[in-house]
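The values are calculated or read from the model by the stated rules, or taken from the named source; none is laboratory data. In this text the structure is predicted, and so the values were computed from the model without any measurement. Please note: Cβ atoms are built from the backbone with ideal geometry, for glycine as well, and neighbour counts cover all protein chains shown. Note: accessible area is taken over every heavy atom of the protein model, side chains too, but ligands, DNA and RNA are not part of it. Shrake-Rupley method; radii C 1.70, N 1.55, O 1.52, S 1.80 Å.
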Amino acid sequence: MFSDVIAFIQDLYGSKSFIPLHAPIFTGNEKKYVIEAIDSTYVSSVGAFVDRFEVDFAKYVGAKKAVVTGNGTSALHAALHLLGVSRGDEVITQALTFVATPNAISYCGASPVFLDSDELTLGLSVTSLAEFLFQNAEVRGDFCYNKRTGNRIMACMPMHVFGHPVQIKEIVKLCDEYSIPVIEDAAESLGSEFEGRHTGLYGRIGVFSFNGNKIITSGGGGMLVTNDVDLGIRAKHLTTTAKVPHAWEFFHDEIGFNYRMPNLNAALIVGQLEQLPRFVRDKRETAQIYNSYFSHKGIEFVCEPFGAKSNYWLNAILLSSRSERDSFLNETNRSGVMTRPVWNLMPDLPMYRTNLCGDISVARMLSDRLVNIPSSVRLPRG
Ligand SMILES: *Cc1c(COP(=O)(O)O)cnc(C)c1O
């Protein structure tokens, strides 16, 4: 039934053997820098590449401060901790996300509140957020409270799904009215912009991931960005064991985290970041090719939302039903063309079954019908 789609993807990637969903590519200075790091003996938690990556990254996204971490999940945890999220608080996010988003909230002892998705952006729905806040939220003094539970609503964490920017301006505006800070889970959206500003820079803090399947990788890694310089300095302190600088004394002034990225990993990603603009161009071109193919076939291809420039990290199509989706998954994977359904919705996972949850019918529709298709960079792999 989908043999022509399979043939098209095999042709696009010039391969009849296994085609992964997203494979990394190391054709720049990655090897050279990793060897430099080894030769310097600075392979661990401090080193020149760590500092260089923070500077280069801040420049690329246009942030005043960037703080590198060992992975994206720890960056999310640190971001929530920095904004004072603690035991008994609530944090608003979307039902359709990767499990790291609610897990980071849970590490603080707080509870994720799950809201619906927007059909066009795939991310947090503004209508769903407005409705939840209107019905439940009340600002008293410095904080916003959930009138029904009595808990503080300490943050809102929208996620830019597959690199497509959410309606971030409306979300920030709405949250501002309720004194709720926004942390953007931009783990998937490095290279994506909304109205000319990079994702991750609309909220108080933005978080990125450099896991092996992301657009660029350090093996494992994460980043926290902010335009609030003091907050950025606190983030660096908190994620590096909260050690007060001194020539020989070991004095730590709070319970910090060891969330540092080793210099060896930083060397790899300094080389990757140099290539990012090419990767984004290549992936946007691939998306265009998919878009015109699927529109001829009458299959819905997920396009970047209006006003957004997406990195098209993972391309996605919407099949007409869950059963059609399942046939598509079966046929493609059997032929070595890797495709995947979207995540199970967070409120369907055992640990989040009893959490607060809005009407999530759009998220349910997406999780029934959406499939990711091969999206690796197609540049020569050397
Ligand atoms: C990849 C990812 C993360 C962070 O993942 P790490 O593997 O910890 O770097 C967080 N949120 C989302 C939505 C992700 O896709």
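Key figures
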| read-out | value |
| --- | --- |
| Tabulated pairs, region 115-144, first under 15 Å from residue 180 (Cα atoms), second basic (Lys, Arg), C-beta under 7 angstrom, 6+ apart or interchain | 136/147; 136/148; 138/147; 143/152; 144/152 |
| Cβ-Cβ under 8 Å pairs, at least 6 apart or on other chains, region 56-78 side under 20 Å from residue 241 (Cβ atoms) and among the polar types (S, T, N, Q), far side open to solvent by less than 40 Å² (accessible area, probe 1.4 Å) and more than 10 Å from the ligand (Cβ to nearest atom) | 69/78; 69/224; 69/239; 69/261; 74/239; 74/257 |
| Residue tally, condition touching a residue at least 60 places away in the same chain (Cβ under 8 Å), farther than 23 Å from residue 60 by Cβ and either open to solvent by 10 Å² or more (accessible area, probe 1.4 Å) or not hydrophobic (A, V, I, L, M, F, W, C) (or both), over region 160-201 | 2 |
| Scan of region 146-163 for residues that are within 15 Å of the ligand (Cβ to nearest atom) and in contact with a Phe, Trp or Tyr (Cβ under 6 Å, 6 or more places away or on another chain), ordered by number | 162, 163 |
| Residues located in region 75-99, provided they are within 11 Å of the ligand (Cβ to nearest atom) and either over 18 Å from the mean Cα position of the chain (by Cα) or open to solvent by 10 Å² or more (accessible area, probe 1.4 Å) (or both) | 77, 98, 99 |
| Any hit, region 317-339, residues being open to solvent by less than 10 Å² (accessible area, probe 1.4 Å), aliphatic (A, V, I, L, M) and part of a helix (DSSP H, G or I) | no |
| Qualifying positions in region 346-382 - more than 21 Å from the chain's Cα centre (by Cα), in a loop (DSSP other than H, G, I, E, B) and touching a residue at least 40 places away in the same chain (Cβ under 8 Å) | 355, 356, 358, 359, 378, 379, 380, 381, 382 |
| Qualifying residue in region 209-221 (condition: of a type in the set (Phe, Trp, Tyr) and under 12 Å from residue 61 (Cβ atoms)) | no |
| Members of region 101-116 found to be open to solvent by 10 Å² or more (accessible area, probe 1.4 Å) and within 14 Å of the ligand (Cβ to nearest atom), listed by number | 103, 106, 107 |
| Some residue of region 258-268 being outside the structural domain of residue 81 (by TED's automatic domain parsing) and either of a type in the set (Asp, Glu) or touching a Ser or Thr at 6+ places or on another chain (Cβ under 8 Å) (or both) | no |
| Criterion (open to solvent by less than 10 Å² (accessible area, probe 1.4 Å) and without any contact (Cβ under 8 Å) to a residue 24 or more places away in the chain) met by exactly one of 208, 279, 294 | 294 |
| Tally, over region 200-259, of residues that are part of a strand (DSSP E or B) and either of a type outside the set (Lys, Arg) or under 30 Å from residue 161 (Cβ atoms) (or both) | 13 |
| Residues of region 133-159 satisfying the condition of being of a type outside the set (Ser, Thr, Tyr), surrounded by fewer than 23 Cβ atoms within 10 Å (Cβ to Cβ) and in a loop (DSSP other than H, G, I, E, B) | 141, 142, 147, 148, 150, 151 |
| Among the candidates 190, 201, 231, residue that is within 20 Å of residue 272 (Cβ to Cβ) and hydrophobic (A, V, I, L, M, F, W, C) | 190 |
| Test: residue in region 227-234 that is under 16 Å from residue 53 (Cβ atoms) and either over 13 Å from the mean Cα position of the chain (by Cα) or outside the structural domain of residue 253 (by TED's automatic domain parsing) (or both) | yes |
| Positions within region 341-356 being over 23 Å from residue 318 (Cβ atoms) and open to solvent by 60 Å² or more (accessible area, probe 1.4 Å), in sequence order | 350, 351, 353, 354, 356 |
| Complete set of residues in region 257-300 that are within 23 Å of the chain's Cα centre (by Cα) and small (Gly, Ala, Ser) | 266, 267, 271, 287 |
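Residue by residue, here is whether (1) more than 16 Å from the ligand (Cβ to nearest atom); (2) of a type in the set (Lys, Arg); (3) over 19 Å from the mean Cα position of the chain (by Cα) holds:
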site	(1), (2), (3)
184	no, no, no
194	yes, no, no
206	no, no, no
219	no, no, no
223	no, no, no
249	yes, no, yes
